[in-house]
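The values are calculated or read from the model by the stated rules, or taken from the named source; none is laboratory data. Only a predicted model underlies this, so the values are computations on that prediction, with no experimental measurement involved. Here the Cβ is made from the backbone with ideal geometry for all residues, glycine too, and neighbour counts use every protein chain on show. To get the accessible areas, we keep the full protein, side chains included, count just its heavy atoms, and leave off ligands, DNA and RNA. Shrake-Rupley method; radii C 1.70, N 1.55, O 1.52, S 1.80 Å.
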Amino acid sequence: MKLSSGYPFWLIKDGLPFNYSKLEESIQTDVVILGGGISGALVAFYLISAGVNCVVVDARTIGLGSTCASTSLLQYEIDTPLCKLKSMVGLKNAIRSYQLCAESIYTIESIAKKLNYKEFNLKDSLYYAAFKKDISFLKEEFAIRKQSGFEVSYLDQKEIMSEFNIAVPGAILSQCGGEINAYSFTHALHQYGIKEGLKVYDRTPVKKIQHNKNGIILNSENGNTIKAKKLVYATGYESINFIKEKIVDLHSTYATVTEQANNKTEFWKDNAIIWNTANPYLYMRTTTDKRIIVGGRDEVFFNSEKRDKLIDKKRNLLVSDFNRVFPDIEFKPEFSWTGTFGATMDGLPYIGEYQSLPNSYFSLGFGGNGITFSLIAAQIITDLITGKKNKDAEIFSFKRYNFKRH
Ligand SMILES: Cc1cc2nc3c(=O)[nH]c(=O)nc-3n(C[C@H](O)[C@H](O)[C@H](O)COP(=O)(O)OP(=O)(O)OC[C@H]3O[C@@H](n4cnc5c(N)ncnc54)[C@H](O)[C@@H]3O)c2cc1C
């Protein structure tokens with residue numbers, strides 16, 4: 001699958017910062033993690049920290065799956081609003097999902113500190129009504145978040161104008177959000193892991209996987225085998241190759257980033273992360289090197305040829321979307337890109353065991369919260385592998401829906 005095209009900004013900025021080896025011999029380990037993007041890197045970090053022997057193997061050069069294309073906003077706010085999620089999964093699980101995403105932002109902060117990683121920042125998050133008609137929904141969403149203990153305030157038209165200089169009818173301002181560079185963070189996690197005994201192999205496609213009662217055997221394209229007791233699938237959107245049921249709809253999404261600003265460090269109040277109620281939603285953030293990223297304009301197909309032809313057109317649309325919100329900020333796009341994106345029925349990820357494939361666990365952080373979901377997945381999977389109970393595992397398990405067959 002061609003997961004991204006164009007010029008994903010982080011890949012341009014950071015290039016290929018580290019080399020990893022190809023697997024050129026047959027090996028044995030306790031846990032093999034298939035996929036070395038942000039999901040695989042976080043699982044590896046947790047497993048290594050728990051003292052579990054593990055190996056990461058990836059078909060691509062590390063980070064060159066969806067991870068390098070990520071705009072890397074960290075949100076506790078799931079694609080499905082809390083007031084809607086409660087009727088899909090029940091109020092308790094809905095609130096817990098939001099809480100777990102919020103906690104994971106602070107956990108990522110503490111991991112970043114431990115790794116001496118600098119491209120993480122806590123941010124406020126502004127969720128604004130794209131249209132007047134969205135105000136009643138926004139107020140309902142505000143009320144349920146407030147009741148559920150999240151630190152939110154409601155801003156009316158006047159308040160948003162005076163605080164953010166944006167002419168929109170209403171917004172929820174949350175004191176919980178963050179931003180990172182998922183690509184460089186993935187490398188930082190792997191580099192830490194390698195020092196602690198992790199083995200990371202890239203450019204090693206796995207062509208065959210045998211799930212036995214007592215373990216797993218992976219066969220690489222170049223004829224080597226990896227024997228392990230357990231397997232973690234951190235294979236991103238390509239996981240549809242391993243799961244019979246249709247658990248995700250794959251779409252295409254677009255992003256563009258400005259040139260670097262010379263002197264400006266604050267583009268709008270606190271450089272909060274901003275997104276809106278439109279469908280598909282528009283979102284924006286700033287970067288530590290003084291740029292603005294805008295993303296959205298999703299399409300409901302994922303055919304990469306069709307998707308890639310639209311990059312220029314989508315860039316122009318994103319620029320005008322941005323300028324409608326901030327007419328006084330010059331947006332000069334420098335790099336634009338597109339990528340595959342996945343949405344589940346309830347906006348929640350699929351994490352944990354999948355009955356038909358014994359001795360394996362999936363970390364499938366689909367949706368706009370891919371990164372925070374990957375963190376939650378790393379914690380749950382590590383607990384399951386090390387035999388600890390995890391009270392949140394059920395919320396994201398494969399059992400939560402009766403699957404529809406393809
Ligand atoms: C444009 C864009 C913007 C986004 N913005 C955000 C955002 O703001 N915030 C957010 O949280 N999320 C965002 N996401 C989603 C986020 O990027 C993804 O959730 C995340 O990158 C997925 O990481 P991953 O490690 O699961 O997958 P990947 O990075 O795709 O890694 C999976 C790896 O598995 C490997 N693999 C698959 N099959 C095999 C095999 N058979 N053998 C060997 N290796 C294999 C692949 O080579 C790949 O490298 C965005 C995504 C896109 C495209």
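Some observations on this one:
- Options PHE150, PHE164, PHE142, PHE120; residue that is among the aromatic types (Phe, Trp, Tyr), open to solvent by 40 Å² or more (accessible area, probe 1.4 Å) and closer than 22 Å to ILE274 by Cα: PHE142
- Residue within the stretch 30-38 that is within 8 Å of the ligand (Cβ to nearest atom), out of contact with any strand residue (DSSP E or B) (no Cβ under 6 Å at 6 or more places or on another chain) and not in a loop (DSSP other than H, G, I, E, B) present: yes
- Within the stretch 104-140, the set of residues being closer than 26 Å to LEU155 by Cβ and out of contact with any helix residue (DSSP H, G or I) (no Cβ under 9 Å at 6 or more places or on another chain) comprises TYR106, GLU109, SER125, ALA130, PHE131, LYS132, LYS133, ASP134, ILE135, SER136, LEU138, LYS139.
- Qualifying residue in the stretch 374-388 (condition: at pLDDT 95 or above, more than 20 Å from SER104 (Cα to Cα), of a type in the set (A, V, I, L, M, F, W, C) and open to solvent by less than 30 Å² (accessible area, probe 1.4 Å)): no
- Every residue from the stretch 262-279 that is at pLDDT below 95 and either of a type outside the set (S, T, N, Q) or crowded, with 18+ Cβ neighbours inside 10 Å (or both): LYS264
- Residues in the stretch 346-358 include at least one that is small (Gly, Ala, Ser) and assigned to a loop (DSSP other than H, G, I, E, B).
- Cβ separations smaller than 9 Å between residues 6+ apart or across chains give the following pairs from the stretch 1-22 residues that are without any contact (Cβ under 8 Å) to a residue 40 or more places away in the chain to residues that are acidic (Asp, Glu): ASN19/ASP202.
- Filter pass, LEU3 being surrounded by fewer than 24 Cβ atoms within 10 Å (Cβ to Cβ), of a type in the set (A, V, I, L, M, F, W, C), within 12 Å of the ligand (Cβ to nearest atom) and within 15 Å of THR67 (Cβ to Cβ): yes
- Qualifying residue in the stretch 150-158 (condition: more than 28 Å from the chain's Cα centre (by Cα), at pLDDT 95 or above and on the phi > 0 side of the Ramachandran plot): no
- Checking each residue in the stretch 73-98 for being touching a residue at least 40 places away in the same chain (Cβ under 8 Å) and more than 16 Å from the ligand (Cβ to nearest atom) picks out PRO81, LEU82, CYS83, LEU85, LYS86, MET88, VAL89, ASN93, ILE95, ARG96.
- Count of residues meeting criterion [more than 7 Å from the ligand (Cβ to nearest atom), open to solvent by less than 10 Å² (accessible area, probe 1.4 Å) and of a type in the set (Ser, Thr, Tyr)] in the stretch 355-373: 1
- The residues of the stretch 305-340 that are part of a helix (DSSP H, G or I), open to solvent by less than 30 Å² (accessible area, probe 1.4 Å) and not basic (Lys, Arg), listed by number, are ILE311, LEU318, VAL319, ASP321, PHE322, VAL325.
- The stretch 213-222 - residue that is open to solvent by 60 Å² or more (accessible area, probe 1.4 Å) and more than 9 Å from the ligand (Cβ to nearest atom) and, of those, nearest to THR29 (Cα to Cα): ASN214
- Residue satisfying condition, being of a type in the set (D, E, K, R) and closer than 30 Å to GLU109 by Cβ, within set GLU394, GLU305: GLU394
- Condition broken by LEU250, with the remaining ones in (1) more than 27 Å from ALA69 (Cα to Cα); (2) touching a Phe, Trp or Tyr at 6+ places or on another chain (Cβ under 7 Å) satisfied: (1)
- The residues of the stretch 6-44 that are surrounded by fewer than 24 Cβ atoms within 10 Å (Cβ to Cβ) and within 17 Å of the chain's Cα centre (by Cα) amount to a single one, LEU11.
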